[in-house]
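Written out below as structure tokens is the structure these notes cover.
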């Protein structure tokens, strides 16, 4: 199983904290059982948020195309009987 990313940890943690706070304030309860249910529900919601975040795709490094050094061109206007090959400079 891959490790969670920083974004997953941040979103999951903030979801747990904020949803717990909101549910406790909205329910206005003092019962230990209801507080425990709210805490478990908040943890489940935070886990759901963290796991549904898209993970970054791993890219495979593709080597850059190497310039061809064996390309030979002929000069324009050169004599047809004696072509003189000219090597193009390579970009480095």
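Quick note: the coordinates plus some simple rules give every number you see, no bench work behind them. Source: prediction; values computed, not measured. Backbone-built Cβ (ideal geometry, glycine too); neighbour counts: all protein chains shown.
Note on segment 6-52: the alpha carbon radius of gyration divided by the globular reference 2.2 N^0.38 Å gives 1.17.
Listing 60, 49, 40 from fewest to most neighbouring C-beta atoms within 10 Å gives 60, 40, 49. Summarising the label geometry, the points placed 7 Å from Cα in the beta-carbon direction at residue 25 and residue 60 lie 5.0 nm from one another.
Model label points for residue 91 and residue 41, set 7 angstrom from Cα along the Cα-to-Cβ axis, are 6.2 nm apart.
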